[in-house]
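Scroll down for the structure; my scribbles are underneath it.
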Amino acid sequence: MYKHFFKRVFDFVFAFIALIILSPMLIPVIIGLLLTGEHYVFYMQNRVGYKNRKFKIWKFATMLKESPNLGTGSLTLRNDPRILPLGGFLRKTKINELPQIINVLIGNMSIVGPRPQMKVDFLKFPEHLQKVIYNAKPGITGIGSIIFRDEEKWISLADDPHQFDKEHIAPYKGELEKWYQDNLSFWTDLKIIFCTAWIILYSKSELPYKIFKGLPPKPDVLKIIEDKETEAA
């Protein structure tokens with residue numbers, strides 16, 4: 001039952017309250033974006049959503065308008081030159097995702113769910129996962145967002161970012177999102193919301209692996225990259 005009616009009620013109420021509470025913070029961001037970069041506030045882009053249908057996602061503008069046609073395209077690297085002056089801060093704090101509250105109120109997204117992908121990145125998922133990953137509405141946050149909170153780090157260290165994404169990140173991310181659907185509940189959503197706030201404050205925390213039981217194990221190649229980062233620190 002929670003998967004449908006009650007989840008929609010929770011999404012709407014949570015998003016409505018969040019919009020009211022966050023308005024004082026969103027207004028300065030809007031002003032800052034108008035005065036910097038390319039002077040535009042919102043970035044709307046086609047993404048794959050519920051039941052693999054296309055929809056437009058709302059985000060604060062953090063990159064050049066032509067970013068999809070420049071550099072690494074749909075993938076963003078560390079210190080990416082396409083990121084606007086205010087964009088780095090907005091991306092690090094996840095404030096750039098907050099306009100998706102509008103998507104939640106409209107009903108094409110949830111507070112918690114699989115992150116909506118551009119089609120080019122959706123097609124990197126193994127075929128069996130493409131068929132099921134969006135049987136739940138895409139979310140502002142989710143288990144994939146938490147585990148891949150520093151996805152730019154892993155991609156930036158690869159010789160071929162797109163190939164690395166397809167071979168290692170997309171399959172693991174897809175399994176995480178499938179785990180979410182298998183364990184979907186009000187309690188799971190609350191823990192994901194809490195963990196989202198937690199990792200913004202403590203980015204290196206392993207808390208998600210402690211409080212979510214049965215998560216797919218992290219691929220060895222990602223562990224190796226993390227170990228190298230720790231040794232270099």
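The values are calculated or read from the model by the stated rules, or taken from the named source; none is laboratory data. Everything numeric here is computed off the predicted structure, so don't read it as measured data. All Cβ positions, glycine included, derive from the backbone under ideal geometry; neighbour counts span all protein chains shown.
What the table shows:
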read-out: Some residue of region 123-136 being out of contact with any His (no Cβ under 8 Å at 6 or more places or on another chain), hydroxyl-bearing (Ser, Thr, Tyr), closer than 14 Å to Lys7 by Cβ and crowded, with 21+ Cβ neighbours inside 10 Å; value: no
read-out: Residue list for region 167-220, filter: of a type in the set (Lys, Arg) and assigned to a helix (DSSP H, G or I); value: Lys173, Lys178, Lys191, Lys210
read-out: Qualifying residue in region 133-156 (condition: of a type in the set (Lys, Arg) and part of a loop (DSSP other than H, G, I, E, B)); value: yes
read-out: Options Lys65, Lys92, Lys54: the member that is of a type in the set (D, E, K, R), modelled with pLDDT of 90 or more, surrounded by fewer than 16 Cβ atoms within 10 Å (Cβ to Cβ) and over 15 Å from Gly139 (Cβ atoms); value: Lys54
read-out: Residue among Met109, Met118 that is surrounded by 21 or more Cβ atoms within 10 Å (Cβ to Cβ) and of a type in the set (A, V, I, L, M); value: Met109
read-out: Every residue from region 27-58 that is hydrophobic (A, V, I, L, M, F, W, C), over 27 Å from Glu177 (Cα atoms) and in contact with a helix residue (DSSP H, G or I) (Cβ under 8 Å, 6 or more places away or on another chain); value: Val29, Val41
read-out: Region 15-40: number of residues that are closer than 13 Å to Leu64 by Cα and either surrounded by fewer than 16 Cβ atoms within 10 Å (Cβ to Cβ) or out of contact with any strand residue (DSSP E or B) (no Cβ under 7 Å at 6 or more places or on another chain) (or both); value: 5
read-out: Complete set of residues in region 130-179 that are among the basic types (Lys, Arg) and within 27 Å of Lys213 (Cβ to Cβ); value: Lys131, Lys137, Arg149, Lys153, Lys173, Lys178
read-out: Yes/no for Asp80 being surrounded by 15 or more Cβ atoms within 10 Å (Cβ to Cβ), among the acidic types (Asp, Glu) and within 22 Å of Tyr180 (Cβ to Cβ); value: no
read-out: Residues satisfying the stated conditions in region 138-150, i.e. out of contact with any Asp or Glu (no Cβ under 8 Å at 6 or more places or on another chain) and modelled with pLDDT of 95 or more; value: Pro138, Gly139
